[in-house]
Amino acid sequence: MTVVAVIGGSGLAKLANLKITRREFVRTPYGEPSAPIVFGEVGGKEIAFLPRHGPKHTIPPHEVNYRANIWALKEAGIHRVIAIAAVGGVSDKYLEPCTMAVPDQIIDYTYGREHTFFAGQDKQVKHIDFTNPYCDDLRQNLVNAASNASIELLVGGTYGATQGPRFETTAEVRRMEQDGVDIVGMTGMPEAALARELDICYATLAVVVNPAAGKSDHEISLNEIDANLKKGMKQVRNLIEACVPLCVV
(Lines give C-alpha, C1' and ligand atoms only; values in the text may rest on other atoms or scores of the structure.)
Protein backbone atom coordinates (compact mmCIF):
# COMPACT_ATOMS: atom_id res chain seq x y z
CA MET A 1 0.00 0.00 0.00
CA THR A 2 1.34 3.41 -0.99
CA VAL A 3 1.00 6.12 1.63
CA VAL A 4 0.48 9.68 0.44
CA ALA A 5 2.11 12.52 2.34
CA VAL A 6 0.85 16.06 2.75
CA ILE A 7 3.34 18.91 3.11
CA GLY A 8 1.52 21.61 5.04
CA GLY A 9 2.16 25.24 4.21
CA SER A 10 1.11 28.50 5.86
CA GLY A 11 -2.11 27.99 7.78
CA LEU A 12 -1.76 24.21 7.82
CA ALA A 13 0.75 23.27 10.52
CA LYS A 14 -1.35 20.22 11.37
CA LEU A 15 -4.26 18.19 10.01
CA ALA A 16 -7.17 18.58 12.39
CA ASN A 17 -8.86 15.41 11.17
CA LEU A 18 -5.69 13.28 11.43
CA LYS A 19 -5.79 10.37 13.87
CA ILE A 20 -2.08 10.14 14.75
CA THR A 21 -0.54 6.67 15.01
CA ARG A 22 3.19 7.48 15.17
CA ARG A 23 5.89 10.08 14.57
CA GLU A 24 9.13 9.41 12.75
CA PHE A 25 12.18 11.69 12.81
CA VAL A 26 14.44 10.98 9.86
CA ARG A 27 18.07 12.07 9.86
CA THR A 28 19.31 13.10 6.44
CA PRO A 29 22.66 13.92 4.79
CA TYR A 30 21.29 17.44 4.29
CA GLY A 31 20.50 18.35 7.88
CA GLU A 32 17.28 18.23 9.85
CA PRO A 33 13.84 18.36 8.22
CA SER A 34 11.32 20.94 9.35
CA ALA A 35 9.70 18.52 11.80
CA PRO A 36 9.18 14.83 12.49
CA ILE A 37 6.95 13.10 9.95
CA VAL A 38 3.56 12.39 11.49
CA PHE A 39 1.75 9.23 10.40
CA GLY A 40 -1.93 8.68 11.00
CA GLU A 41 -5.29 7.97 9.47
CA VAL A 42 -7.75 10.17 7.61
CA GLY A 43 -11.04 8.55 6.77
CA GLY A 44 -9.62 5.16 7.68
CA LYS A 45 -6.68 5.49 5.26
CA GLU A 46 -3.05 5.98 6.27
CA ILE A 47 -1.44 9.32 5.51
CA ALA A 48 1.76 11.13 6.45
CA PHE A 49 2.12 14.82 7.28
CA LEU A 50 5.08 17.21 7.39
CA PRO A 51 4.70 20.93 8.22
CA ARG A 52 7.00 22.80 5.83
CA HIS A 53 7.51 25.79 8.13
CA GLY A 54 7.84 23.73 11.32
CA PRO A 55 5.21 22.80 13.94
CA LYS A 56 4.87 26.43 15.06
CA HIS A 57 5.40 28.10 11.67
CA THR A 58 8.82 29.52 12.59
CA ILE A 59 10.80 28.70 9.42
CA PRO A 60 10.54 31.36 6.68
CA PRO A 61 10.25 30.19 3.06
CA HIS A 62 13.83 31.04 2.09
CA GLU A 63 15.21 29.08 5.06
CA VAL A 64 13.18 25.89 4.70
CA ASN A 65 15.50 22.90 4.33
CA TYR A 66 13.74 21.59 1.23
CA ARG A 67 16.36 18.93 0.56
CA ALA A 68 16.08 17.47 4.06
CA ASN A 69 12.27 17.47 3.89
CA ILE A 70 12.05 15.67 0.55
CA TRP A 71 14.84 13.24 1.43
CA ALA A 72 13.17 12.41 4.75
CA LEU A 73 9.86 11.66 3.06
CA LYS A 74 11.53 9.35 0.54
CA GLU A 75 13.48 7.58 3.30
CA ALA A 76 10.21 7.08 5.18
CA GLY A 77 8.80 5.23 2.17
CA ILE A 78 6.72 8.06 0.72
CA HIS A 79 6.31 8.12 -3.06
CA ARG A 80 3.35 10.50 -3.44
CA VAL A 81 3.26 14.05 -2.03
CA ILE A 82 0.51 16.67 -2.03
CA ALA A 83 2.07 20.05 -1.27
CA ILE A 84 -0.24 22.70 0.18
CA ALA A 85 0.56 26.30 -0.75
CA ALA A 86 -0.99 29.62 0.24
CA VAL A 87 -0.71 31.91 -2.77
CA GLY A 88 -1.60 35.31 -4.14
CA GLY A 89 -3.80 35.63 -7.20
CA VAL A 90 -2.19 37.17 -10.27
CA SER A 91 -4.38 36.50 -13.32
CA ASP A 92 -8.06 37.44 -13.24
CA LYS A 93 -9.34 33.87 -12.96
CA TYR A 94 -7.41 33.33 -9.73
CA LEU A 95 -8.12 36.53 -7.78
CA GLU A 96 -11.05 35.41 -5.61
CA PRO A 97 -9.87 34.62 -2.07
CA CYS A 98 -10.18 30.96 -0.98
CA THR A 99 -10.09 29.76 -4.60
CA MET A 100 -8.34 26.39 -4.77
CA ALA A 101 -6.22 25.42 -7.76
CA VAL A 102 -4.07 22.55 -9.00
CA PRO A 103 -1.40 24.22 -11.16
CA ASP A 104 0.29 22.39 -14.02
CA GLN A 105 3.32 24.65 -14.60
CA ILE A 106 5.82 26.62 -12.54
CA ILE A 107 8.30 29.48 -13.03
CA ASP A 108 11.18 29.75 -10.57
CA TYR A 109 12.15 33.26 -9.44
CA THR A 110 13.98 32.11 -6.30
CA TYR A 111 17.73 32.42 -5.74
CA GLY A 112 20.38 31.14 -3.36
CA ARG A 113 18.42 28.05 -2.34
CA GLU A 114 19.93 24.57 -2.32
CA HIS A 115 18.03 23.30 -5.33
CA THR A 116 19.48 19.87 -6.15
CA PHE A 117 20.68 16.66 -4.52
CA PHE A 118 23.42 16.40 -7.11
CA ALA A 119 25.67 19.31 -6.15
CA GLY A 120 29.38 18.97 -5.38
CA GLN A 121 32.30 17.40 -7.19
CA ASP A 122 31.68 14.02 -5.55
CA LYS A 123 28.21 13.74 -7.08
CA GLN A 124 27.47 12.48 -10.56
CA VAL A 125 25.54 15.01 -12.63
CA LYS A 126 21.88 14.06 -13.06
CA HIS A 127 19.48 15.83 -15.38
CA ILE A 128 15.73 15.50 -14.91
CA ASP A 129 12.92 16.07 -17.38
CA PHE A 130 10.95 18.96 -15.90
CA THR A 131 8.77 19.69 -18.94
CA ASN A 132 5.72 18.97 -16.81
CA PRO A 133 6.79 19.70 -13.23
CA TYR A 134 3.83 18.11 -11.47
CA CYS A 135 2.64 14.50 -11.38
CA ASP A 136 -0.36 14.13 -13.68
CA ASP A 137 -1.72 11.09 -11.82
CA LEU A 138 -1.76 12.88 -8.47
CA ARG A 139 -3.22 16.02 -10.00
CA GLN A 140 -6.02 13.91 -11.46
CA ASN A 141 -6.64 12.34 -8.04
CA LEU A 142 -7.21 15.83 -6.65
CA VAL A 143 -9.49 16.77 -9.54
CA ASN A 144 -11.54 13.59 -9.14
CA ALA A 145 -11.76 14.02 -5.38
CA ALA A 146 -13.01 17.59 -5.78
CA SER A 147 -15.64 16.42 -8.23
CA ASN A 148 -16.76 13.58 -5.95
CA ALA A 149 -17.03 15.93 -2.97
CA SER A 150 -18.62 18.82 -4.94
CA ILE A 151 -15.66 21.07 -4.12
CA GLU A 152 -14.84 23.84 -6.60
CA LEU A 153 -11.31 23.51 -7.96
CA LEU A 154 -9.50 25.33 -10.77
CA VAL A 155 -7.49 22.97 -12.92
CA GLY A 156 -4.27 24.22 -14.48
CA GLY A 157 -2.35 27.45 -14.21
CA THR A 158 1.24 28.57 -13.67
CA TYR A 159 2.72 29.00 -10.20
CA GLY A 160 5.37 31.69 -9.83
CA ALA A 161 7.82 30.86 -7.01
CA THR A 162 9.38 33.95 -5.42
CA GLN A 163 12.05 34.27 -2.75
CA GLY A 164 10.12 35.83 0.14
CA PRO A 165 9.59 36.36 2.94
CA ARG A 166 8.44 39.78 1.73
CA PHE A 167 5.51 40.07 -0.64
CA GLU A 168 6.09 41.19 -4.21
CA THR A 169 5.97 44.73 -5.58
CA THR A 170 3.32 45.79 -8.06
CA ALA A 171 5.98 45.95 -10.79
CA GLU A 172 7.15 42.42 -10.02
CA VAL A 173 3.60 41.13 -10.25
CA ARG A 174 3.13 42.92 -13.58
CA ARG A 175 6.29 41.25 -14.89
CA MET A 176 5.12 37.85 -13.68
CA GLU A 177 1.74 38.36 -15.31
CA GLN A 178 3.51 39.09 -18.59
CA ASP A 179 5.47 35.87 -18.06
CA GLY A 180 2.21 33.94 -17.81
CA VAL A 181 2.04 33.48 -14.03
CA ASP A 182 -1.44 32.88 -12.58
CA ILE A 183 -0.63 32.49 -8.88
CA VAL A 184 2.39 33.48 -6.81
CA GLY A 185 3.87 31.80 -3.75
CA MET A 186 7.19 31.40 -1.94
CA THR A 187 7.66 27.65 -1.50
CA GLY A 188 6.98 25.93 -4.82
CA MET A 189 10.66 25.68 -5.73
CA PRO A 190 12.98 23.93 -5.30
CA GLU A 191 10.52 21.55 -3.62
CA ALA A 192 8.94 20.33 -6.85
CA ALA A 193 12.27 19.76 -8.61
CA LEU A 194 13.77 17.93 -5.62
CA ALA A 195 10.78 15.59 -5.56
CA ARG A 196 11.32 14.86 -9.26
CA GLU A 197 15.00 14.10 -8.63
CA LEU A 198 13.96 11.39 -6.16
CA ASP A 199 11.16 10.07 -8.39
CA ILE A 200 8.43 11.22 -6.02
CA CYS A 201 5.00 11.85 -7.54
CA TYR A 202 4.38 15.47 -6.48
CA ALA A 203 1.48 17.88 -6.96
CA THR A 204 0.61 21.27 -5.51
CA LEU A 205 -2.78 22.20 -4.08
CA ALA A 206 -2.81 26.00 -3.95
CA VAL A 207 -5.20 28.23 -2.00
CA VAL A 208 -5.56 31.89 -2.95
CA VAL A 209 -5.46 34.00 0.23
CA ASN A 210 -5.22 37.45 -1.37
CA PRO A 211 -4.93 39.24 -4.70
CA ALA A 212 -1.24 39.84 -5.42
CA ALA A 213 0.26 43.34 -5.18
CA GLY A 214 -1.48 45.80 -7.48
CA LYS A 215 -4.31 43.40 -8.31
CA SER A 216 -6.85 45.04 -5.98
CA ASP A 217 -7.79 48.57 -4.94
CA HIS A 218 -5.98 48.33 -1.60
CA GLU A 219 -2.66 47.20 -0.20
CA ILE A 220 -2.16 43.66 1.09
CA SER A 221 -3.76 43.16 4.51
CA LEU A 222 -2.26 40.55 6.84
CA ASN A 223 -5.54 40.37 8.76
CA GLU A 224 -7.36 39.61 5.51
CA ILE A 225 -4.80 36.94 4.65
CA ASP A 226 -5.17 35.30 8.07
CA ALA A 227 -8.95 35.21 7.75
CA ASN A 228 -8.76 33.71 4.27
CA LEU A 229 -6.17 31.17 5.43
CA LYS A 230 -8.51 29.87 8.12
CA LYS A 231 -11.42 29.63 5.71
CA GLY A 232 -9.39 28.22 2.83
CA MET A 233 -7.64 25.56 4.91
CA LYS A 234 -11.00 24.15 5.98
CA GLN A 235 -11.69 23.49 2.31
CA VAL A 236 -8.21 21.98 1.92
CA ARG A 237 -8.83 19.53 4.75
CA ASN A 238 -12.12 18.48 3.17
CA LEU A 239 -10.44 17.93 -0.18
CA ILE A 240 -7.52 16.00 1.33
CA GLU A 241 -9.95 13.70 3.15
CA ALA A 242 -11.77 13.05 -0.13
CA CYS A 243 -8.52 12.54 -2.03
CA VAL A 244 -6.65 10.14 0.27
CA PRO A 245 -8.68 7.03 -0.68
CA LEU A 246 -7.95 7.72 -4.37
CA CYS A 247 -4.20 7.97 -3.68
CA VAL A 248 -3.83 4.62 -1.92
CA VAL A 249 -2.82 1.93 -4.41
- Task: Report yes if Arg237 is modelled with pLDDT of 95 or more and either under 17 Å from the mean Cα position of the chain (by Cα) or part of a helix (DSSP H, G or I) (or both), otherwise no.
- Result: no
**Prompt:** Can you find a residue in region 235-247 that is charged (D, E, K, R), touching a residue at least 24 places away in the same chain (Cβ under 8 Å) and more than 22 Å from Asp92 (Cα to Cα)?
**Reply:** yes
Residue set Asp199, Asp182, Asp226; condition over 19 Å from His62 (Cβ atoms) and crowded, with 21+ Cβ neighbours inside 10 Å; output residue Asp182
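Report whether or not His62 is touching a helix residue (DSSP H, G or I) at 6+ places or on another chain (Cβ under 7 Å), surrounded by fewer than 22 Cβ atoms within 10 Å (Cβ to Cβ) and farther than 29 Å from Ile151 by Cβ.
no
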Subset of region 122-165, residues buried (at least 20 other Cβ atoms within 10 Å of the Cβ) and of a type in the set (Phe, Trp, Tyr), comes to Tyr134, Tyr159
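Can you tell which of Gly8, Gly40 is farther than 20 Å from Val207 by Cα, at pLDDT below 90 and touching a Lys or Arg at 6+ places or on another chain (Cβ under 7 Å)?
Gly40
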Of the candidates Val184, Val244, Val209, the one satisfying the condition of being within 17 Å of the chain's Cα centre (by Cα), within 17 Å of Gly156 (Cα to Cα) and not in a loop (DSSP other than H, G, I, E, B) is Val184
From the option list Glu168, Glu172, single residue qualifying as of a type in the set (D, E, K, R) and surrounded by 22 or more Cβ atoms within 10 Å (Cβ to Cβ) is Glu168
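Here is a yes/no grid of residues against (1) over 18 Å from Glu172 (Cα atoms); (2) within 15 Å of the chain's Cα centre (by Cα); (3) of a type in the set (Gly, Ala, Ser); (4) surrounded by fewer than 18 Cβ atoms within 10 Å (Cβ to Cβ):
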residue: Asn69; (1), (2), (3), (4): yes, yes, no, no
residue: Gly77; (1), (2), (3), (4): yes, no, yes, yes
residue: Gly88; (1), (2), (3), (4): no, yes, yes, no
residue: Asp92; (1), (2), (3), (4): no, no, no, yes
residue: Asp108; (1), (2), (3), (4): no, yes, no, no
residue: Thr116; (1), (2), (3), (4): yes, no, no, yes
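For region 76-164, list the strands (runs of 3 or more DSSP E) that sit wholly inside it and hold at least 1 residues that are charged (D, E, K, R); which are they?
80-89, 105-108
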Screening Thr131, Thr162, Thr158, Thr99 for residues that are touching a residue at least 60 places away in the same chain (Cβ under 8 Å) and among the polar types (S, T, N, Q) leaves only Thr99
Within region 154-208, the residues that are in contact with a His (Cβ under 7 Å, 6 or more places away or on another chain) and of a type in the set (Val, Ile, Thr) are Ile200
Given the conditions (1) assigned to a strand (DSSP E or B); (2) exposed (fewer than 14 other Cβ atoms within 10 Å of the Cβ); (3) not acidic (Asp, Glu), every one holds for His218 apart from (1)
- Would it be correct to say that Glu177 is part of a helix (DSSP H, G or I) and more than 30 Å from Phe117 (Cα to Cα)? yes
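The values are calculated or read from the model by the stated rules, or taken from the named source; none is laboratory data. Worth saying up front: this structure is predicted, and the values here are computed from it rather than measured. So basically every Cβ, Gly included, is an ideal-geometry build from the backbone, and we count neighbours across all protein chains shown.
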